[in-house]
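The values are calculated or read from the model by the stated rules, or taken from the named source; none is laboratory data. This structure is a prediction, so every number in the text was calculated from the model and none was measured. Neighbour counts run over all protein chains shown; Cβ positions are idealised from the backbone, glycine included. All accessible areas refer to the heavy atoms of the entire protein, side chains included, with ligands and DNA or RNA removed. Shrake-Rupley method; radii C 1.70, N 1.55, O 1.52, S 1.80 Å.
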Amino acid sequence: LPAWNEAAYLPDTLQTLQDSLCACRLEADIIVVDNASTDATATIAAGAGARVVHEPEHRIARVRNAGAEAAASDWLLFVDADTRVTPAALQAMRAAMDEGCVGGGAPIGFDRLESAPQRLGLAAWNGLSRRLRLAAGCFVFARAAAHAAIGGFSEQLYAGDEIGYSRRLDRLGRPRGRRFMILDCPPVISSARKMDWFRPWQHALVLATFVLFPWAGRFKRLSWFWYRRP
């Protein structure tokens with residue numbers, strides 16, 4: 001779990017994850033990557049029984065890779081610090097692992113949606129995600145060996161690294177009959193806090209920027225949406 005100043009959300013995220021693992025009778029080494037937090041993120045994570053590693057660079061791909069480097073398991077699951085993982089998602093992930101996939105993602109939802117454009121945008125993403133086999137960054141899983149084989153998440157990017165990650169894993173696994181897949185399960189639920197932090201025109205600006213300039217994720221200034229907090 002990458003975590004930058006997530007003291008407000010991390011307790012619920014970790015408790016939900018631990019409860020879901022217990023319900024599914026799964027064991028996991030939970031690693032929280034403290035990304036130079038200035039709040040109690042690291043203390044909360046350690047108190048909840050998670051292993052804490054530290055990564056000072058504010059680059060989400062680097063933070064995710066730091067967690068993978070600290071892990072010793074055959075499988076990796078990357079979960080955002082504001083995302084609640086249900087037993088259904090873990091059960092579907094375990095079934096996909098048993099079927100021999102190379103990795104995958106899950107449908108996503110938000111803890112609240114206040115307008116038709118928000119609901120339409122979410123439905124559009126989930127449809128595109130399933131059709132093109134693209135995982136949202138809040139829930140991505142992969143074979144550890146495959147993660148290493150593709151070099152992990154691209155650290156040339158400040159945002160959108162999960163898109164290239166999904167494609168590279170799918171290309172790696174396809175010749176071996178191991179596809180990258182989006183799970184058929186209820187959505188994992190993330191916080192809609194960015195709806196409060198940023199105005200609708202700012203959301204539209206970010207979307208337009210990345211549609212018109214697909215390489216925008218290489219520049220931190222253009223990826224401000226993921227690195228600016230009110």
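Only a single criterion out of (1) buried (at least 21 other Cβ atoms within 10 Å of the Cβ); (2) under 18 Å from the mean Cα position of the chain (by Cα); (3) under 30 Å from ARG228 (Cβ atoms) is not satisfied by MET93, namely (3).
Counting only residues that are under 16 Å from CYS138 (Cα atoms), in a helix (DSSP H, G or I) and open to solvent by 70 Å² or more (accessible area, probe 1.4 Å), region 2-36 holds 1 of them.
In a residue-by-residue description of region 180-193, the property of being assigned to a helix (DSSP H, G or I) and surrounded by fewer than 17 Cβ atoms within 10 Å (Cβ to Cβ) applies to at least one position. Note on region 54-86: among residues that are part of a loop (DSSP other than H, G, I, E, B) and within 19 Å of ALA149 (Cβ to Cβ), the one that is least open to solvent (accessible area, probe 1.4 Å) is ALA71.
Among the residues of region 111-141, those that are modelled with pLDDT of 90 or more and in contact with a Lys or Arg (Cβ under 9 Å, 6 or more places away or on another chain) comprise ASP111, LEU132, ARG133, LEU134, GLY137, VAL140.
Cβ-Cβ distances below 7 Å connect the following pairs, each with a first residue in region 166-184 that is at pLDDT 95 or above, a second residue that is open to solvent by less than 100 Å² (accessible area, probe 1.4 Å) and of a type in the set (S, T, N, Q), and a separation of six or more residues or different chains: PHE180/SER166; ILE182/SER129. For region 100-149, the set of residues classified as among the charged types (D, E, K, R) and either open to solvent by less than 40 Å² (accessible area, probe 1.4 Å) or closer than 29 Å to ALA66 by Cβ (or both) consists of ASP111, ARG133, ARG143, listed by residue number.
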